[in-house]
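Colleague: Dropping a structure here in structure tokens format, bear with me for questions.
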Amino acid sequence: MIELYVDGASAGNPGKSGIGIYIKGEGKIVKLSEPIEPTNNHTAEFLALLRGMEEAAKLTTGIVSARSDSKAVVSAVENEYVKNEIHKVYLDKILSIAKTFDFFFIKWIPDTENRAADALAREAIQKQGN
């Protein structure tokens, strides 16, 4: 089983943004800290999950347990619905990747349980400099 922790961060609305992905399981640990185009926090959260799903798909077709501290993202995935048209594009891609796994689920976790992904997302913002 792969445990996928994701977080998006934005310094502004919109502002410098980054995503953090922490994956563990099946003998692997993957840490990704990637700057993304300036955006808002909600969009960064969706992009973090999408990117994390892409990475998880490289590691397994089995069980993936995704964790996010974004209630909006978790709710969108669970309900397979989001109003925002930009987020809908990301959600459709996320759901498409989820179908490639034998079993996929997503769970909301508090910030305190998502520190690794949060730190990676914040690090990505710092990589962009001033």
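Quick note: the coordinates plus some simple rules give every number you see, no bench work behind them. Since the structure is predicted, the reported quantities are computational estimates derived from the model, not experimental observations. Cβ placement follows ideal geometry from the backbone for every residue including glycine, while neighbour counts extend to all protein chains displayed.
Colleague: When only Cα pairs under 8 Å and 6 or more residues apart are kept, what is the percent relative contact order across the chain?
Modeller: 35
Colleague: Here's something else I'd like to know. GNM on the chain, C-alpha springs below 10 Å: top fluctuator among I106, I29, I19?
Modeller: I29
Colleague: Let me ask something else about it. Give the lysines reachable from K107 as a straight Cα distance under 26 Å; neighbours fewer than 8 places away on the same chain don't count.
Modeller: K24, K28, K31, K58, K71, K83, K88, K93, K99
Colleague: Now for a separate question. Quick one: work out the % antiparallel among DSSP beta bridges in the chain, nearest 5.
Modeller: In the chain, DSSP labels about 65 percent of beta bridges as antiparallel.
Colleague: Can you list which of the chymotrypsin sites (Phe, Trp or Tyr not before Pro) found in segment 63-130 are DSSP loop residues with at most 13 other C-beta atoms within 10 Å?
Modeller: Here the sparse-neighbourhood loop sites are Y81.
Colleague: State the Kirkwood hydrodynamic radius of the chain in Å, one decimal place, computed from all pairs of distinct Cα atoms.
Modeller: Here the Kirkwood hydrodynamic radius works out to 14.2 Å.
Colleague: Could you please state, rounded to a whole Å, how far the C-alpha centre of segment 72-100 is from the C-alpha centre of segment 29-54?
Modeller: Centre-to-centre distance over Cα atoms comes out at 14 Å.
Colleague: Over the Cα atoms of segment 61-118, what Rg and Dmax result, in angstrom?
Modeller: Rg, Dmax (Cα atoms, Å): 11.9, 30.
Colleague: Picking from N114, N13, N84, which is most flexible by a Gaussian network model of the chain using Cα springs under 10 Å?
Modeller: N84
Colleague: What 222 nm value per residue comes from the helices of the chain, counting each DSSP H run with n ≥ 4 as -39,500 (n - 2.57) and dividing by all residues, nearest 500 deg cm²/dmol?
Modeller: Dividing the helical sum by the residues of the chain leaves -13500 deg cm²/dmol.
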